[in-house]
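The values are calculated or read from the model by the stated rules, or taken from the named source; none is laboratory data. Please read these numbers as outputs of a predicted model, since none were measured by experiment. Note that we place each Cβ from the backbone using ideal geometry, even for glycine, and neighbour counts take in every protein chain shown. The protein model used for the area step is the full one, side chains on, heavy atoms only, and it has no ligands, DNA or RNA in it. Shrake-Rupley method; radii C 1.70, N 1.55, O 1.52, S 1.80 Å.
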Amino acid sequence: MAAVPEPHTGWTFITSHARVLAAIADNPNIRIRDIAAHCRLTERAVARIISDLEKDGYLSHTREGRTNTYRIDPDKVLRHPAEADLSVASLLSLLVRDETERTNTPTTPTQHPVNATKQ
């Protein structure tokens with residue numbers, strides 16, 4: 001049995017549901033065990049989150065042998081009224097790294113768009 005990941009302390013900007021969705025968007029064949037490790041959640045919590053996302057139509061899956069392949073509905077709008085005009089695709093565009101970002105070195109603070117506007 002895998003060890004329970006050490007929980008994060010304090011508050012964060014991103015919910016566990018968004019983290020799980022981003023991990024799936026990054027790899028549609030990812031295992032629950034790997035999502036749990038990446039998001040620092042238990043496997044049971046990840047399974048519950050995936051169930052929530054599927055129940056509300058944000059996510060679906062197909063079983064291929066022993067592997068699940070997940071599909072995200074990018075056009076589904078976010079649940080909270082304050083973000084009701086934003087789609088899942090908009091959220092994921094902020095959270096999911098593309099392949100070029102993974103291989104490049106991290107940006108320095110002066111290169112970051114937020115800091116660039118403050119100059």
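Say whether the condition of being in a helix (DSSP H, G or I) and either at pLDDT below 95 or open to solvent by 70 Å² or more (accessible area, probe 1.4 Å) (or both) is met by at least one residue in the stretch 56-66.
no
Quickly run through the stretch 36-55 and pick out the residues that are in a loop (DSSP other than H, G, I, E, B) and either modelled with pLDDT of 95 or more or not basic (K, R) (or both).
Within the stretch 36-55, L41, T42 meet the criteria.
Within the stretch 5-46, how many residues are aromatic (F, W, Y) and touching a residue at least 40 places away in the same chain (Cβ under 8 Å)?
0
Considering the stretch 9-30 alone, what residues qualify as being open to solvent by 30 Å² or more (accessible area, probe 1.4 Å), touching a strand residue (DSSP E or B) at 6+ places or on another chain (Cβ under 8 Å) and not in a helix (DSSP H, G or I)?
The answer is P28, N29.
Basic (K, R) and in a helix (DSSP H, G or I): is that true of R33 in this structure?
So R33 passes the test.
Here is a check on your reading of the model: is P74 touching a Ser or Thr at 6+ places or on another chain (Cβ under 7 Å), in contact (Cβ under 8 Å) with a residue 24 or more places away in the chain and not hydrophobic (A, V, I, L, M, F, W, C)?
It is false that P74 is touching a Ser or Thr at 6+ places or on another chain (Cβ under 7 Å), in contact (Cβ under 8 Å) with a residue 24 or more places away in the chain and not hydrophobic (A, V, I, L, M, F, W, C).
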